[in-house]
Each structure stands twice: as structure tokens, then as C-alpha cells.
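*Asks:* Pasting a structure here, questions to come.
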Amino acid sequence: MAAVSSVFRRGLFNGRVAVVTGGGTGIGQAIALELMYLGCSVVVASRKIERLESAAKDMRSRISQQLSLAEGTGSNKHAPDLSVVKCNIREEKEVQRLVSSTVEKYGRLDFFVNNAGGQFLSPAANISHKGWTAVIDTNLTGTFLCCREAYKQWMQENGGAIVNIIADMYKGFPSMSHTGAARAGVDNLTKSLAIEWADSGVRVNALAPGSAIYSDTAAANYGDIDLFSHVKESHPTKRLGRVEEISGAVCFLLSPAASFVSGETLYVDGAGRLYQRMWEIPEHNKSKAYTWEEDSKEGSSNSHTTTSKL
Ligand code: ADE
């Protein structure tokens with residue numbers, strides 16, 4: 001069974017409670033596992049409950065094996081709990097229920113990790129209105145609803161920390177412009193909420209994983225499209241990132257080590273965003289330079305320039 005570990009000290013999050021949306025697969029699962037390893041009870045939420053239940057079963061056994069190995073006994077009084085909740089984050093009522101059931105069950109909600117998201121590859125010109133709206137609803141509006149409910153139902157009175165997982169859209173996001181726009185919205189939302197909710201002791205940060213983070217789920221989502229092999233050669237690290245390199249950074253942002261960090265976006269991409277070319281532009285001659293020579297030729301034959309220019 002695959003190991004779970006952390007660079008942080010065991011027990012760091014004992015007695016804490018977190019919600020991780022999209023916590024049954026890929027990066028979300030690694031975040032949930034590391035939080036549990038550190039003592040935090042976790043509610044993982046997803047639209048697909050059967051897949052989530054089966055992932056949760058596996059996660060529970062990985063954690064219980066890991067914790068009992070570490071303790072040297074079969075029991076642990078701080079054993080963290082893991083529950084699953086079916087929730088479509090696009091639906092306001094379902095988000096309200098996700099938060100209220102968490103607070104009812106555990107009596108608190110310390111951390112909220114907005115990891116659920118979804119998009120599809122397409123040039124912008126081919127994205128339908130429906131496809132665009134679906135991606136914005138999930139990635140931007142869904143994240144907003146989750147932040148708002150976590151705040152209103154618990155964190156406004158009790159404080160807490162939120163981490164919004166976004167994407168590496170620093171240079172635009174050609175081929176997934178919808179998600180780039182939505183994630184850039186979340187990037188800005190993060191800053192607004194960090195200010196508006198500071199007086200409740202709520203920290204709000206974002207984390208942008210690079211496009212070179214490998215997970216089986218991400219690979220499967222794009223089917224035959226191989227997103228990863230070319231990334232590796234053109235990456236400063238000459239390797240792919242791992243999900244535990246994201247979960248550790250999330251745990252840092254949730255931990256007291258980041259108690260003075262809020263409104264920040266942490267790029268965890270091995271400098272990939274600074275180095276990579278994201279889109280091949282075919283050879284073309286469509287970009288017309290502005291020149292004074294051409295402009296004055298037009299001016300002599302065109303009366304508007306003589307009247308409209310100073
Ligand atoms: N993962 C992808 N889309 C989602 C949604 N709408 N709700 C919850 N998890 C999701």
C-alpha cells in the first residue's frame with residue numbers, strides 16, 4: 001500500500017477539521033491524506049459519490065496503516081476521521097449542506113481547500129456558450145460559494161484558513177481560456193476575501209500548481225492527449241512535479257508557519273511558468289507594423305488625419 005508522509009511534524013493538525021473539495025483523486029486526495037497524516041479530520045466532497053466512497057475506503061486504510069506503524073501500536077487517540085459528502089459545488093444548496101453537515105458532525109471547520117474544478121481542452125473560438133458557462137460556474141462561482149459558506153457558517157465567528165487551488169495562468173491559458181479566466185477570477189477573489197475577512201482571523205490564499213504535476217487522474221481526464229511527456233523536456237527541473245509537492249505547500253499555507261501569509265498566490269511549478277512556451281504560433285505575416293512613413297502617406301491622401309490630428 002502506498003505510503004503517506006509529511007515534512008511537517010505529526011500531530012500538527014490534531015483536532016482540526018478540513019473540507020477538501022475534489023478530495024478523492026489526484027492533488028485533492030494527496031492534500032486530504034497529508035492533512036489526515038498530520039491529525040486533521042477531513043471531509044472530502046465530490047459530485048461522484050461512488051468513486052469518492054471507494055477512494056475514501058482506500059484512503060482510510062492507507063492512513064490507519066501509516067499511523068499505527070508510526071505509533072508502534074494499533075491505536076491512536078488522535079486518529080483523524082474521514083467522511084465523504086456528495087456535493088456539486090455549482091449548486092448553492094448543496095454547498096450550504098456540505099458546510100452545515102461538517103459543522104454539525106465535527107463541531108468546527110478550521111480549513112477549507114477549494115480543489116474541485118474541471119475544464120476541457122479547446123481553442124477559444126470553438127468553446128460554446130454552454131461550455132464556457134459550465135467551466136466558469138464550476139471553477140469561479142463554485143469556489144466563491146464554498147468560501148462564502150465556510151465563512152458565514154463558521155469562520156466569521158471562529159477564524160480559519162482557506163486555500164484556493166487555481167492553475168498556472170500567469171501567461172494566459174491558451175487552449176483552456178475558460179479555465180484561465182475563471183482561475184484568474186479566483187486569484188483576485190482570494191485577495192478581496194483576504195482583506196474583507198481579515199477581521200475575523202480568516203486567512204485566504206491561493207496555490208497555483210504548475211501544468212507539470214503528474215497524477216493518474218489528470219492523465220486519465222485528457223484521455224489520448226498526452227499533456228505530460230513534452231512538458232518534461234521543456235521544464236527547468238527536467239521532471240514532472242508530484243502531488244505531494246503540492247499537498248506539502250497547502251499544509252504550509254494552512255499551518256501557523258503561514259500565520260502572516262494572506263491574499264497570496266503561491267506558484268508551485270518549479271519555475272515552469274517562467275520558462276515554458278505554452279502555445280505554438282504558426283509562421284504568419286499578419287502583424288502589421290505601424291510606421292511613420294506609412295502613416296504620413298495615408299495622411300496625404302486622407303483628409304481625416306489633417307483635421308483629427310493636433
Ligand atoms: N469536480 C469537478 N466539477 C465539480 C463540481 N461541479 N462539484 C464538485 N466537484 C467537482
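What follows draws every value from the coordinates through simple rules; no lab data is involved. Everything quoted here is computed from the prediction, not taken from an experiment. Quick reminder, even Gly has a Cβ in these numbers, built from the backbone with ideal geometry, and neighbours come from all protein chains shown.
*Asks:* Rounded to the nearest 0.05, what FRET efficiency is calculated for M1 and E280 with R0 set to 35 Å and r the Cβ-Cβ distance?
*Replies:* 0.25
*Asks:* Now for a different question. If the only charges are +1 at each Lys and Arg Cβ and -1 at each Asp and Glu Cβ, what is the size of the charge dipole of the chain around the Cα centre, to the nearest 20 debye?
*Replies:* Rounded to the nearest 20 debye, it is 500 debye.
*Asks:* For the chain, compute Rg over Rh where Rg is the Cα radius of gyration and Rh is the Kirkwood radius from the inverse mean 1/r over Cα pairs.
*Replies:* We get a ratio of 1.09 for the chain.
*Asks:* Sticking with this one: About the Cα centre of the stretch 199-300, how large is the charge dipole given +1 on each Lys and Arg Cβ and -1 on each Asp and Glu Cβ? Please answer in debye to the nearest 20.
*Replies:* In debye, rounded to 20, the stretch 199-300 gives about 300.
*Asks:* As a footprinting exposure proxy, order S247, S61 by other Cβ within 10 Å, with the fewest listed first.
*Replies:* S61, S247
*Asks:* So for the chain, taking the charge dipole from beta-carbon charges (+1 Lys/Arg, -1 Asp/Glu), which of V95, V113, I63 sits furthest toward the positive end?
*Replies:* The listed residue farthest towards the positive side: I63.
*Asks:* Would you mind checking the tilt of helix 177-196 against the longest principal axis of the Cα atoms of the chain, expressed as 0 to 90 degrees and rounded to 10?
*Replies:* With rounding to tens, the tilt is 60 degrees.
*Asks:* Still on this structure, I have one more. If you build a Gaussian network model of the chain, linking Cα atoms that sit under 10 Å apart, which residue out of V163, V231, V202 swings the most?
*Replies:* V231
*Asks:* Ok, one more. Which trypsin sites (Lys or Arg not before Pro) does the stretch 161-225 hold that lie in a coil by DSSP with at most 16 other beta carbons within 10 Å?
*Replies:* Here the trypsin sites (Lys or Arg not before Pro) that fit, given the DSSP loop and packing criteria, are K171.
*Asks:* Now for a different question. Working out 0.36 nm times the residue gap between S83 and N14, then minus their Cα-Cα distance, what length gain in nm do you get to one decimal?
*Replies:* 23.2 nm
*Asks:* Using Cβ counts within 10 Å as a stand-in for footprinting exposure, how do H235, H230 rank, fewest first?
*Replies:* With the fewest neighbours first, H235, H230 line up as H230, H235.
*Asks:* Dipole magnitude of the stretch 108-261 about its Cα centre, charges +1 at Lys/Arg Cβ and -1 at Asp/Glu Cβ only, in debye to the nearest 20?
*Replies:* My answer is approximately 180 debye.
*Asks:* In addition: Would you be so kind as to identify which of F228, F144, G26 lies farthest towards the positive end of the dipole of the chain, taking Lys and Arg as +1 and Asp and Glu as -1 on Cβ and the Cα centre as origin?
*Replies:* Farthest towards the positive pole: G26.
*Asks:* Which angle from 0 to 90°, rounded to the nearest 10, does the C-alpha axis of helix 92-106 make with the longest principal axis of the chain?
*Replies:* Roughly 30 degrees, rounded to the nearest 10.
*Asks:* Would you mind ranking L121, L98, L35, L140 so that the residue whose beta carbon has the fewest other beta carbons within 10 Å leads the list?
*Replies:* Neighbour counts put them in this order, fewest first: L121, L140, L98, L35.
*Asks:* Helix 292-301 versus the longest principal axis of the chain: what is the Cα-based angle in degrees, 0 to 90, to the nearest 10?
*Replies:* Relative to the chain, helix 292-301 is tipped by roughly 50 degrees.
*Asks:* Still on this structure, I have one more. Can you give the net charge of the other residues whose Cβ lies under 9 Å from the Cβ of L254, counting K and R as +1 and D and E as -1?
*Replies:* Charge balance in the 9 Å sphere: +1.
*Asks:* Under a 10 Å cutoff between Cα atoms, tell me which one of N164, N115, N188 has the largest fluctuation in the Gaussian network model of the chain.
*Replies:* N188
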